[in-house]
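Shown next, in structure tokens, is the structure this report addresses.
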Amino acid sequence: MSLRGTSPERSSKITLMEDGVLVAPAPYSAPAAYYFPNVARMQAVEVLKGSSQIQYGPFTTGGAINFVSTEIPNSFQGEIKSNYGSFGTTNTLARFGDSYQNIGYSIEYMKNKSDGFKDLDGPGGTGFDRNDIVGKIRINTNPDAKIYQSLELKLQYSDEDSDETYLGLTQEDFDKTPFRRYAGSQVDNMRTFHRQVMLTHMAEFTKNIVLTTTFYNNEFDRNWFKLDRVVSGVNTVGISDLLENPNDFPQAFSYITGSDSA
């Protein structure tokens, strides 16, 4: 995403937050490192630009986007939503929660899965499987307390298993079968794990004076095994050059199509 003309490459030039805290894997050095919150589980999206985003960092040129996760409900609420589509695509969301005088909680689970729409030469998958779990618990003083205070703990976990690849097709093969995938991309796979712990204390001194303190920890692990070059004898060729000029590298091209595995 891009705000105010900044680079749109993987949202690398804007500040991304969830519930007011930085959520990119490495916000100060590698904010584009393959993690983005699942928007389908969010209650609201806040877009901040101009003077309103000066207080946020590390990137303040374009703006900031804050994803607001589902709040703990004031009374018992629960819902389950699910849909099914082409290529074995399913999206399921289940959540419930409740609040009492001095305590509240919510639990949320989301699953996105697809078998993929590309046809791989040989066995293997081209889809993805993503899970997202969020749990919240809050304790608070009585609503009529002189200084209303609350302490909320949020635990979030998500994982993704995607059979994705950087390997494309030659122009000739794309014109014939655009959804084909060469056998050389069979084992390409990305797995990610994201964990978040947030502890938020809120003290309301008056209607206009509220102090909020948040302690948080974000952890992100990524392992992407992907084909990016082919070694043929003493020669090494990148997949971009290989697909652009397959006739110049017949042996290497035979490796990625699976016609030769020597």
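If I take all pairs of Cα atoms in the stretch 1-95, what percentage of them are more than 16 Å from each other? Tail of P(r) above 16 Å: 62 percent of Cα pairs.
Compute the semi-axes of the equivalent ellipsoid of the stretch 80-227, taking the square root of 5 times each eigenvalue of the Cα gyration tensor, and list them largest first in whole Å.
Taking √(5λ) for each eigenvalue gives 47, 17, 12 Å, largest first.
A Förster distance of 45 Å, applied to the separation of the beta-carbon atoms of F87 and A145, puts the FRET efficiency at 0.25.
Give the residue from A145, Q55, T70 lying farthest towards the positive end of the charge dipole for the chain; charges sit on Cβ (+1 for Lys and Arg, -1 for Asp and Glu) and the dipole is referred to the Cα centre. Ranked along the dipole, the leading option is A145. The slack between D228 and V47, meaning 0.36 nm per residue of separation minus the straight C-alpha distance, is 61.5 nm. Among the lysines of the chain, pairs that are 8 or more positions apart or on different chains and have alpha carbons within less than 30 Å of each other number 29.
For the chain, the square roots a ≥ b ≥ c of the C-alpha gyration tensor eigenvalues yield an a/c of 1.5 or more together with a/b exceeding b/c, which makes the shape prolate.
Helical content of the chain, expressed as a calculated mean residue ellipticity at 222 nm, amounts to -2000 deg cm²/dmol (DSSP H runs of 4 or more residues, -39,500 (n - 2.57) each, divided by residue number, nearest 500). Placing a label point 7 Å from the Cα of S75 along the Cα-to-Cβ line, the residues of the stretch 97-117 whose backbone N sits under 13 Å from it are 98-100. Computed extension length for A94-I133: 13.1 nm, one decimal, from 0.36 nm per residue of separation with the Cα-Cα distance subtracted.
Just so you know, all these numbers are worked out from the coordinates, no wet-lab data involved. Quick caveat: nothing in here was measured; it's all calculated off a predicted structure. Reconstructed Cβ throughout: ideal geometry from the backbone, glycine too, with neighbour counts over all protein chains shown.
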